[in-house]
Amino acid sequence: MTVLIIMQIVGTIGVGIAPSIGVLLAGEVTENEAWAGLARTASTLGAALMGLPLGNLAAKFGRRFALSSGWWLAAAGSTILVFAAQLSLIVPLFIGLLLIGAGSAVSLQARFAATDLAEPHHKARALALIVWVGTIGSVFGPNLGIPGEVVGNLVGLNVYAGAFLIAAVCLAAAGLIVFVWLRPDPLLRLQQLKPHASAPTGKRRGRIRLIFAEMRTNADARYAVIAILTAQIVMVSVMTMTPVHMAHQGGSITLVGITISLHILGMYAFAPLVGYLADRAGHRITIAFGIGIFLVSLVFGALWPDDTGWIIASLFLLGVGWSFANVAGSAFFSTVVSDETRASSQGGVDALSNLLGATAAFVAGPLLALTNFSALSVIAMFVLVPLAILTLSRPRETLAN
């Protein structure tokens, strides 16, 4: 847990750069809203593409190998973005953002690594702790513009290139930390304690079939996945377009960075409380709280889209709602998923979550262009309806002592 905590703090500094500075860089380099929208989704798409392979690597070789590989791949992407930012190169911009998405996939899978050896009634708290410490790095990441300018002046780079250089160092360091010190490997240790836990199941195609079979036959796992996916779609679609909306209103890079930082603070800062609530009151109640917070956030965005203060409050609550739904859903999934597909299923859920998030971000761009920020918030409310119906119809949980 100590190694995972340190790794998460260092690595998320690099990951946190994509939602703010990466978004602004995409607009500046492409100088085309359609291409910029595609570039903005690249890092989320990269996280989606890496989720299942990293889960399969973990199932076969352990968490240490999978997590370190993901961090180093993200570091390579951030290094490419240094050159893309400095020379205004479009193709390297897409490649770099795609690869840096591996860091997001690793950050997500770190929370599952925390549950490998946790007691069943403490899984939510263990998962929430790893989510929570990501606050430190993820709040600093969107504000690398200022230190990026300092570093850039020292080595002759522009502000964007300097920021991505700092991110590359942090991502590489996170990979080194987990590779050297995550011993014994928690997933391999779990396999020793439970010989069938996350055991390799043959070819990749076989593992994918097992994951889908799990979703068809395991109603609890299916509900957990719906909670995770809904939270991701709602959060990403609104969050991705907020910097664009603020920039159109004349917001500076500093104000955008502060807004995204507060959003990320909402995502992570209350995670220990969410984990405690999920363990004590149940996952269904915790997810219900998340739905309610999401609705308040979206009402703010729909009613006061032109007021910067309300937009900041909306985005902060958007992060809090995501925290309640995602932490509770992820912990519940970790509890109810079968041992045979554990690591691969976790990677598959993260992959699907990021894929749908990337799709939502891509669709949100044209929606914002055709309508406005208020309409985007209202549409996000309707996305919450199926999860709300499932949550209300679920029976009361029997909690472990």
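The values are calculated or read from the model by the stated rules, or taken from the named source; none is laboratory data. This structure is a prediction, so every number in the text was calculated from the model and none was measured. Glycine also receives a Cβ, built like all others from the backbone with ideal geometry; neighbour counts cover every protein chain displayed. Note: areas computed on protein heavy atoms with side chains; ligands, DNA, RNA excluded. Shrake-Rupley method; radii C 1.70, N 1.55, O 1.52, S 1.80 Å.
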Taking segment 43-71 and keeping only residues that are among the hydrophobic types (A, V, I, L, M, F, W, C) and crowded, with 21+ Cβ neighbours inside 10 Å, one is left with L45, A47, A48, M50, L52, L54, L57, A58, A59, A66, L67, W71
Does S20 satisfy the condition of being over 24 Å from S344 (Cα atoms), among the polar types (S, T, N, Q), open to solvent by less than 10 Å² (accessible area, probe 1.4 Å) and modelled with pLDDT under 85? yes
(1) open to solvent by 10 Å² or more (accessible area, probe 1.4 Å); (2) part of a helix (DSSP H, G or I) all hold for A118 apart from (2)
Practice prompt. Considering every residue within segment 387-398, establish whether at least one is within 15 Å of M239 (Cβ to Cβ) and not polar (S, T, N, Q).
Written response: no
Residues in segment 77-93 that are more than 19 Å from the chain's Cα centre (by Cα), under 20 Å from A48 (Cβ atoms) and touching a residue at least 40 places away in the same chain (Cβ under 8 Å) total 2
Considering residues that are over 24 Å from A302 (Cα atoms) and either open to solvent by 20 Å² or more (accessible area, probe 1.4 Å) or within 21 Å of the chain's Cα centre (by Cα) (or both), the number found within segment 214-250 is 12
The correct count of residues that are at pLDDT 55 or above, open to solvent by less than 30 Å² (accessible area, probe 1.4 Å) and in a helix (DSSP H, G or I) in segment 182-212 is 4
Restricted to segment 121-150 and to residues being among the aliphatic types (A, V, I, L, M) and either open to solvent by 40 Å² or more (accessible area, probe 1.4 Å) or in contact with a Ser or Thr (Cβ under 6 Å, 6 or more places away or on another chain) (or both), the residue modelled with the lowest pLDDT is V139
For segment 255-268, pairs from a residue that is modelled with pLDDT of 85 or more to a residue that is of a type in the set (S, T, Y), with Cβ under 6 Å and 6 or more apart or across chains, are M267/S323
Among residues of segment 332-367 being touching a Ser or Thr at 6+ places or on another chain (Cβ under 7 Å) and among the small types (G, A, S), the residue surrounded by the most Cβ atoms within 10 Å (Cβ to Cβ) is A343
Output for Cβ contacts, cut-off 6 Å, separation at least six or different chains, first residue more than 16 Å from L318 (Cβ to Cβ) and open to solvent by 60 Å² or more (accessible area, probe 1.4 Å) in segment 368-380, second modelled with pLDDT of 85 or more and among the aliphatic types (A, V, I, L, M), reads none
